[in-house]
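The block underneath contains the structure these notes are about, expressed in structure tokens.
The values are calculated or read from the model by the stated rules, or taken from the named source; none is laboratory data. None of the values given here were measured: they were computed from a predicted structure. FYI the Cβ positions are ideal-geometry reconstructions off the backbone, even for glycines, and counts take in every protein chain you see. The protein model used for the area step is the full one, side chains on, heavy atoms only, and it has no ligands, DNA or RNA in it. Shrake-Rupley method; radii C 1.70, N 1.55, O 1.52, S 1.80 Å.
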Amino acid sequence: MKLIIGMFILFSCHIVLANPLSKQVKDLIAQQFSHKPEAITIGYANDIPKLSCDTPTLSLLNKNKPWGNMTISVQCDNKKRFMQIYVAVSGHYLIAKQPITAGSVITEDLLDLKFGWLDKLPSSVILNKSDAINHIASRNINQNETIKTAILQKNWLVKVGQMVKVIIDGEDYQVTTNGKALNNAILDDKISVKLDSGNIIEGILTNQGVIIFNK
């Protein structure tokens, strides 16, 4: 399967390896990933443009899309051009190690890693276990099913309307009071709280309560 996909990309696009611009393009794409994929292959729908400068400014137009068909803006000597590329990425992604019931909290022993072509999967596929652990399954998940953000929801530590403890931490003092959460939040999230006094403040949600650093 890997060989077939690789041959398809090779013959349907112009693959350029030695061109300095192609290296800059590959570096730009690699920066979109929080961890290094196993391999990135970039195909060009047209010939790579010849530029009048050695260090053009590149920008990705569809930054929310990590692979597949993409467009890159190339700025050089006040002239802008656009390149259409196809990004094929291979690496590991998450699957369910066993059936997971809706409402279950995701733990590491429920997850497994599988290797494959990421560009053939939905862009919402989850690559790191840390991005799924402690979330809640929003529906039943089958064994070996690809784990996507759409089938998980955050395990809120605090929900809107819940009363929370608020700790105002100053340089030489600490004040404790109560308030009502104005948004959902997980651990270490920013959260807005309406105090009993009526004032609205923003702090960080911790296991001890909402911490506000008043320096």
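Which entries in the list LYS23/LYS65; LYS23/LYS63; LYS23/LYS120; LYS26/LYS154 go over 28 Å, if you measure between the two C-alpha atoms of each?
Over 28 Å apart, Cα to Cα: LYS26/LYS154.
Could you tell me how far the Cα centroid of segment 92-113 sits from the Cα centroid of segment 147-215, in Å?
So the separation of the two Cα centres works out to 29 Å.
Highest mean first, what order results for 205-213, 30-38 on Cβ atoms within 10 Å?
Highest-to-lowest ranking by the protection proxy: 205-213, 30-38.
Amide H to amide H under 5 Å from LEU111: which residues, 5+ apart in sequence or cross-chain, H placed 1.01 Å off N in plane?
LYS97
Calculate, for segment 72-215, the solvent-accessible area per residue in square angstrom, rolling a 1.4 angstrom probe over the heavy atoms of the protein chains.
56 Å²
Scan around LYS165 for amide H atoms under 5 Å from its own, H built in the peptide plane at 1.01 Å from N, and keep only partners 5 or more places away or cross-chain.
Residues meeting the amide H criterion: VAL210.
Taking amide H atoms as placed 1.01 Å from N in the peptide plane, list the residues 5 or more away in sequence, or in a different chain, whose amide H sits under 5 Å from that of SER104.
ALA137
Give the relative contact order (percent, whole number) for segment 133-214; include only Cα pairs under 8 Å separated by 6+ residues.
Reported as a whole number, the value is 24 percent.
On C-alpha positions alone, give me the angle between the axis of helix 2-12 and the longest principal axis of the chain, in degrees, nearest 10.
It is inclined by approximately 60 degrees.
When the Karplus curve 6.51 cos²θ - 1.76 cosθ + 1.60 is applied with θ = phi - 60°, which whole-Hz ³J(HN,Hα) does each residue of segment 177-187 get, with x for Gly and Pro?
Each residue's phi maps through the Karplus curve to give 8, 10, x, 10, 5, 9, 8, 5, 7, 9, 4 Hz.
Of all the accessible heavy-atom surface of segment 64-215, with the other protein chains kept in place and a 1.4 Å probe, what percent is carbon and sulfur?
C and S atoms contribute 46 percent here.
Expressed as an acute angle from 0 to 90° and rounded to the nearest 10, what is the orientation of the C-alpha long axis of helix 20-30 relative to the principal long axis of the chain?
Helix 20-30 sits roughly 30 degrees off the main axis of the chain.
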